[in-house]
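This report concerns only the one structure given below.
The values are calculated or read from the model by the stated rules, or taken from the named source; none is laboratory data. Since the model is a prediction, treat every value here as computed from it, not as a measurement. As a convention, Cβ positions derive from the backbone with ideal geometry for all residues, glycine included, and neighbour counts pool all protein chains shown. Keep in mind that these areas ignore ligands, DNA and RNA; they rest on the heavy atoms of the full protein, side chains included. Shrake-Rupley method; radii C 1.70, N 1.55, O 1.52, S 1.80 Å.
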Protein chains: 2
Amino acid sequence: MTDMPIGEISRRSQVKVPTIRYYEQIGLLPAPPRSEGNRRLYGARDLKRLSFIRHARDLGFEIDAIRTLLTLQDNPAMPCAEADGIARDKLAEVNDRIESLMALKEELEAMVGGCGHNCVGDCRVIEVLANHHKCLHTEH
Amino acid sequence: MTDMPIGEISRRSQVKVPTIRYYEQIGLLPAPPRSEGNRRLYGARDLKRLSFIRHARDLGFEIDAIRTLLTLQDNPAMPCAEADGIARDKLAEVNDRIESLMALKEELEAMVGGCGHNCVGDCRVIEVLANHHKCLHTEH
DNA sequence: ACTTGCTCCTCTAGCGACTAGAGGATGCAA
DNA sequence: TTGCATCCTCTAGTCGCTAGAGGAGCAAGT
């Protein structure tokens, strides 16, 4: 459990070795003690922190947001409005992204469906891209 | 219509001035002729091309894909299977992204909804991030 | 003891698609 | 002529890694 080398914590946390070193470099993960031979030795706390980071990254949180989240986690007596705010902002962003991807999906489906695989001259894909007014959604 | 300076083509195409110069630099947009005073002078063709690029970028196509699409557009006699393929790939990608964003949305909603705005110690947001097994979706 | 092969170290540079800023030239109207 | 907007080139920065060079450490097998 304790004194893992970087390869092991990488396997356990599912975070790649260079990424772990990068997180140390930018101060997201504290620099661990080293072995006699100058190798990083990680403990259970580091694994927890790294898993937290990875999970947050998977959810699309940016490094800066994670930094805030980690500070909050380290100080459990603080009011949690800030953490809640970060999650709320992210949720709004995700909703926006879903919406525009749905519009895009429709547009792509129209392109792909309409193409009879002849030559480029008649291609719906190129045509839609070239003549914007033929789009389903004109706001972009 | 013809001999627009960069600012005007920027306004018309909705592509920012430095981005236009960047596109020229990477060979996506041909280098236009210059005025006596060394200023770029664009014509209607350039505006079309830039609008095409912008539209494709909005739709999430990468620069490399756009490069291919532009080559196809320049050669209307070629078979359009390639353009169709690019659009199909993009559609699959968009569907994937929508799916994972929907999962993410659920997870964020659970975080935000469950939090009673007390102190960090009881915060759902932090807790979910720290304890992965409490997620709605465990595959990530 | 020696070799093999893996993991680890630091360091620098690169990715995509821009964006920002310095420092200067040009164009046009009042 | 003065002032201001627009334009020019060039370099460096953004984000979140990723790749590669060149070398050192470590554990197991012969």
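Hey, can you tell me all the residues within segment A:66-75 that are open to solvent by 20 Å² or more (accessible area, probe 1.4 Å) and farther than 27 Å from residue A:3 by Cβ?
Step one: of segment A:66-75, the residues open to solvent by 20 Å² or more (accessible area, probe 1.4 Å) are A:67-68, A:71, A:73-75.
If the condition is that a residue be open to solvent by 20 Å² or more (accessible area, probe 1.4 Å) and farther than 27 Å from residue A:3 by Cβ, then A:68, A:75 are the ones that fit.
Within segment A:44-60, the set of residues being closer than 19 Å to residue A:24 by Cβ and in contact with a helix residue (DSSP H, G or I) (Cβ under 9 Å, 6 or more places away or on another chain) comprises A:46, A:47, A:48, A:49, A:50, A:51, A:52, A:53, A:54, A:55, A:56, A:57.
Taken together, the residues in segment A:1-54 that are part of a helix (DSSP H, G or I) and open to solvent by less than 90 Å² (accessible area, probe 1.4 Å) amount to 21.
Among the residues in segment B:50-59, are any over 16 Å from the mean Cα position of the chain (by Cα) and free of Cβ contacts under 8 Å to residues at least 24 places away in the same chain? Don't jump to the end; show me each part of the working.
From segment B:50-59, those over 16 Å from the mean Cα position of the chain (by Cα) are none; that's our starting set.
No, there is no match, as no residue in segment B:50-59 is over 16 Å from the mean Cα position of the chain (by Cα) and free of Cβ contacts under 8 Å to residues at least 24 places away in the same chain.
Any residue in segment B:1-12 that's within 14 Å of another protein chain (Cβ to nearest Cβ): show its pairings with residues that are within 14 Å of DNA strand C (Cβ to nearest atom) at Cβ separation under 9 Å, as long as the two are six or more apart or on different chains. That search, which allows pairs on different chains as well, returns B:12/B:4; B:12/B:50; B:12/B:51. Scanning segment B:28-49 for residues that are more than 18 Å from the chain's Cα centre (by Cα) and not charged (D, E, K, R) gives B:30, B:31, B:32, B:33, B:35, B:37, B:38, B:41, B:42, B:43, B:44, B:47. Scanning segment A:78-106 for residues that are aliphatic (A, V, I, L, M), closer than 15 Å to residue B:127 by Cβ and either at the interface with another protein chain (Cβ under 7 Å from one of its Cβ atoms) or in contact with an Asp or Glu (Cβ under 6 Å, 6 or more places away or on another chain) (or both) turns up A:78, A:83, A:87.
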